[in-house]
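Each remark here refers to the structure printed beneath this line.
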Amino acid sequence: MVERIPHDAPVLVIGLGRFGAATAGQLARLDREVLAIDDDISLVQKWSERLTHTVQADARSIDALRQVGAQDFSIAVVAVGSSIEASVLITANLVDLKIPQIWAKAISQSHGKILSRIGANHIVYPEAEAGERVAHLVSGRMLDYIQFDDDFAIVKMYPPKHLRDVPLAESRIRSKYNLTVVGVKSPGGAFTYATPETVVSAHDLVIISGNQADIERFAALGS
């Protein structure tokens, strides 16, 4: 039986570039123990006071990883992406060290495919995902956008006029647009779950879920 990894397990982060530093920093803010490794001493020193542990080491060497105790971690993030060779070598080392959960940054689909084949459990495409997200947000109505599998998405947006000043049941958003209003936030208030009786104003924010194309059409209805 596979042993479950504790939700607060320490995390090994390799690479302190923009992606790695952002990942390690957010983990630290979530009170997770982090060991961050980079071969650039200036980056290690920069982050030494903000992270639990920072070490200068060349993660392309499995012996260097053993010396810093990488084999004791259940979760590792390979944030090295600019050098595909280094990324692949580091990921292979982590696989050889039998780290159960490996997240790896990829800069292309072919890079990601290689990482998957050598044993990375999760492939992350930060540049591509950020670009896709921005493309959905530039219209100005959507404030946040998360896309899942099968073109399903959840967005935070300002409500088009078709949704305002009537109970949600009367707006017929589900039957007309095939979408669901999940929650509503009034200015200065907290998000609350939407009900058929909820009335949305022009100043509210709404959380809407549904098919990506349906959401795009709904967002284009205008104010």
For Ser108, are the conditions met, namely being at pLDDT 85 or above, touching a strand residue (DSSP E or B) at 6+ places or on another chain (Cβ under 7 Å), of a type in the set (S, T, N, Q) and closer than 30 Å to Ala92 by Cα?
no
Looking at Gly81, Gly15, can you tell me which residue is on the phi > 0 side of the Ramachandran plot and of a type in the set (Gly, Ala, Ser)?
Gly15
Looking at the range 79-93, which of its residues are free of Cβ contacts under 8 Å to residues at least 60 places away in the same chain and under 17 Å from Ser61 (Cβ atoms)?
Ser83, Glu85, Ala86, Ser87, Val88, Leu89, Thr91, Ala92, Asn93
What is the one condition in (1) at pLDDT 90 or above; (2) closer than 18 Å to Arg117 by Cα that Ser83 does not satisfy?
(1)
Quick one: count up the residues across the range 55-83 that are over 15 Å from Phe19 (Cβ atoms) and under 23 Å from the mean Cα position of the chain (by Cα).
3
Per-region count, the range 30-44, residues surrounded by 12 or more Cβ atoms within 10 Å (Cβ to Cβ) and in a helix (DSSP H, G or I)
2
Of the residues in the range 191-204, how many are more than 15 Å from Lys161 (Cβ to Cβ) and either assigned to a strand (DSSP E or B) or outside the structural domain of Tyr177 (by TED's automatic domain parsing) (or both)?
3
Taking Asn211 and the conditions (1) touching an Asp or Glu at 6+ places or on another chain (Cβ under 8 Å); (2) farther than 30 Å from Val124 by Cα, which numbered condition does it fall short on, given that it satisfies the others?
(2)
Farther than 20 Å from Ala153 by Cα, at pLDDT 85 or above and out of contact with any Phe, Trp or Tyr (no Cβ under 9 Å at 6 or more places or on another chain), is that true of Val181?
no
Taking the range 184-210 and the residues there that are touching a helix residue (DSSP H, G or I) at 6+ places or on another chain (Cβ under 6 Å) and over 15 Å from Met157 (Cβ atoms), the one that is surrounded by the most Cβ atoms within 10 Å (Cβ to Cβ) would be Thr198
When the range 146-173 is examined, which residues are found to be within 18 Å of the chain's Cα centre (by Cα) and either in contact (Cβ under 8 Å) with a residue 12 or more places away in the chain or not in a loop (DSSP other than H, G, I, E, B) (or both)?
Ile146, Gln147, Asp149, Asp150, Asp151, Phe152, Ala153, Ile154, Val155, Lys156
Does the range 74-83 contain any residue that is in contact with a strand residue (DSSP E or B) (Cβ under 7 Å, 6 or more places away or on another chain), surrounded by 15 or more Cβ atoms within 10 Å (Cβ to Cβ), in a helix (DSSP H, G or I) and not hydrophobic (A, V, I, L, M, F, W, C)?
no
Limited to the range 174-190, what total is found for residues that are assigned to a loop (DSSP other than H, G, I, E, B) and either under 21 Å from Ala220 (Cα atoms) or basic (Lys, Arg) (or both)?
1
Hey, can you tell me all the residues within the range 96-113 that are part of a helix (DSSP H, G or I) and under 24 Å from Ala21 (Cβ atoms)?
His111, Gly112
Could you list, in sequence order, all residues of the range 60-75 that are at negative phi and out of contact with any Pro (no Cβ under 9 Å at 6 or more places or on another chain)?
Arg60, Ser61, Ile62, Asp63, Ala64, Leu65, Arg66, Gln67, Val68, Ala70, Gln71
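The values are calculated or read from the model by the stated rules, or taken from the named source; none is laboratory data. It should be emphasised that the depicted structure is a prediction, and the values quoted were computed from it without experimental measurement. Virtual Cβ from ideal backbone geometry, glycine too; neighbours counted across all protein chains shown.
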